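For reference, the structure is listed below as structure tokens.
The values are calculated or read from the model by the stated rules, or taken from the named source; none is laboratory data. The shown structure was predicted, so the numbers you read here are calculated from the model rather than taken from an experiment. Cβ: placed from backbone, ideal geometry, glycine included. Neighbour counts: every protein chain shown. Side chains are part of the model used for accessible areas, which takes the heavy atoms of the whole protein and leaves out ligands, DNA and RNA. Shrake-Rupley method; radii C 1.70, N 1.55, O 1.52, S 1.80 Å.
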Amino acid sequence: HGFLAGLWLAPFAVGASSDLFKNHPDWLLKNPDGSPIRTLSIENWGGDVYTLDPTIHDVQKWLTDLFRKVTHKWGYDYVKIDFLYMGAHGTQYSQPVSSGQAYRMGLNAIRKGVGHRKFILGCGAPMGISVGFVDGMRIGPDVEASWNGVLPAVAAAANRYYYHNKIWFDDPDCLVVRDPLTIDQARVWASIVSLTGQMNLLSDNL
């Protein structure tokens, strides 16, 4: 039917129950005592979550190979890469670089795997140091179908519209117009997305 396929990934995140965690503990960001840094705990990811060290050559190769497989072998046209701040989370890396430099090394490896003909959407990312590696960027928080769930995204879309179509395509998050939003509340969010010309992503069952 002419649709393009997309896939969501959190490329720097490593669940404690994963094969990657078991097979390559040496690839993880470390505390000063050498123990891996526990970055998050998310129940539906299997519990504790750790972070890849993007300055390690083998990690960069693994990221490049993974994203080449996703986009070229599996055929996905669009990848949304989330929780990207984790790549800049370390206080020390395997190489003597800043957290920003380390993060960009990871993004560079991902871009190399995807190539330049397919779309990368960044999310949960430090925006300034992501420039040049992503085609689109989430520029605000997740929206929810409630007035308080829409307002922070309205503010982000209104304040960061100037990135759009210059640095990347802005993703203000999904346009939601469903209950319990009133028709006037839904129109506010729809108007902000429309008037700023940013990406229009739909999550309601239209």
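Criterion first (modelled with pLDDT under 95 and not charged (D, E, K, R)) does I192 satisfy it? Criteria met by I192.
The residues of segment 12-52 that are under 30 Å from R117 (Cβ atoms) and either touching a helix residue (DSSP H, G or I) at 6+ places or on another chain (Cβ under 6 Å) or part of a strand (DSSP E or B) (or both), listed by number, are F12, A13, V14, W27, T51, L52. All conditions in (1) touching a strand residue (DSSP E or B) at 6+ places or on another chain (Cβ under 7 Å); (2) part of a loop (DSSP other than H, G, I, E, B) hold for M86, with the sole exception of (2).
In a strand (DSSP E or B) and either open to solvent by less than 70 Å² (accessible area, probe 1.4 Å) or touching a strand residue (DSSP E or B) at 6+ places or on another chain (Cβ under 8 Å) (or both), is that true of I120? Walk me through how you get there before you give the answer.
Details: in a strand (DSSP E or B): yes; either open to solvent by less than 70 Å² (accessible area, probe 1.4 Å) or touching a strand residue (DSSP E or B) at 6+ places or on another chain (Cβ under 8 Å) (or both): yes.
When the stated conditions are applied, I120 passes them.
Checking each residue in segment 139-148 for being buried (at least 16 other Cβ atoms within 10 Å of the Cβ) and small (G, A, S) picks out G140, A145.
Within segment 122-137, residues that are charged (D, E, K, R) sit with their Cβ atoms under 9 Å from residues that are open to solvent by less than 30 Å² (accessible area, probe 1.4 Å) and not in a loop (DSSP other than H, G, I, E, B), at 6+ positions apart or across chains, in these pairs: D135/I120; D135/L121; D135/G122; D135/W168. Given the criteria within 19 Å of the chain's Cα centre (by Cα), among the acidic types (D, E) and surrounded by 12 or more Cβ atoms within 10 Å (Cβ to Cβ), does D53 qualify? Yes.
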